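Chemist: Structure provided below as structure tokens; questions to follow.
The values are calculated or read from the model by the stated rules, or taken from the named source; none is laboratory data. Because the structure is predicted, anything quoted here is derived from the model rather than measured. Ideal geometry is used to build each Cβ from the backbone, glycine not excepted, and the neighbour counts take in all protein chains shown.
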Amino acid sequence: MANHKSAIKRIRQSETRRLRNRYYAKTMRNAVRKLRAMTDKTEAEAAYKKVSSMLDRLAGRNIISKNKASNLKSKLALHINKINAA
């Protein structure tokens, strides 16, 4: 167990942040999953805008890496472009 007041506070802070980051990461994964399941192009494009900004926000806060955000956005854009082609 921590011996200093500051260490006890740090433990509390890191636990709160860990739970918050888990929530945001899970929300992001669900949003990506929903977007991949869409079959209507206009609906998917509207959702892509929101998901894309969410990915950028999470990458800015280091919840996910910038490369992961870029890769996801790229794959989702390809998916949206293939919707009418299929």
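Chemist: Just one of (1) more than 16 Å from M28 (Cα to Cα); (2) loosely packed, with under 13 Cβ neighbours inside 10 Å; (3) of a type outside the set (V, I, T) trips up H79, so point out which.
Modeler: Evaluating H79 over (1) more than 16 Å from M28 (Cα to Cα); (2) loosely packed, with under 13 Cβ neighbours inside 10 Å; (3) of a type outside the set (V, I, T) leaves (2) as the failure.
Chemist: Can you go through R57, R33, R22, R10 and tell me which one is loosely packed, with under 11 Cβ neighbours inside 10 Å, assigned to a helix (DSSP H, G or I) and modelled with pLDDT of 95 or more?
Modeler: Exactly one of R57, R33, R22, R10 is loosely packed, with under 11 Cβ neighbours inside 10 Å, assigned to a helix (DSSP H, G or I) and modelled with pLDDT of 95 or more, namely R33.
Chemist: Filter region 61-77 for residues that are assigned to a helix (DSSP H, G or I) and of a type in the set (A, V, I, L, M); which is nearest to Y23 (Cα to Cα)?
Modeler: Per the stated criteria, the residue is A69.
Chemist: Another one. Looking at T16, T39, which is the one that is out of contact with any Cys (no Cβ under 6 Å at 6 or more places or on another chain), modelled with pLDDT under 95 and among the β-branched types (V, I, T)?
Modeler: T39
Chemist: So how many residues does region 1-36 have that are of a type in the set (G, A, S) and either more than 14 Å from the chain's Cα centre (by Cα) or over 30 Å from A77 (Cβ atoms) (or both)? If you could, list the steps in order and put the result at the bottom.
Modeler: Start the filter on region 1-36 by keeping residues that are of a type in the set (G, A, S), which leaves 2, 6-7, 14, 25, 31.
Of the ones still in play, those that are also either more than 14 Å from the chain's Cα centre (by Cα) or over 30 Å from A77 (Cβ atoms) (or both) are 2, 6-7, 14.
The total comes to 4.
Chemist: Among the residues of region 37-54 satisfying the criterion of being of a type outside the set (S, T, Y) and within 12 Å of L72 (Cα to Cα), which is surrounded by the most Cβ atoms within 10 Å (Cβ to Cβ)?
Modeler: V51
Chemist: While we're looking at this one, here's another question. Please identify the pairs in which a residue from region 1-26 that is within 22 Å of S65 (Cβ to Cβ) has its Cβ atom under 8 Å from the Cβ atom of a residue that is part of a helix (DSSP H, G or I) and not β-branched (V, I, T), counting only partners at least 6 apart or on another chain.
Modeler: Y24/L58; A25/L58
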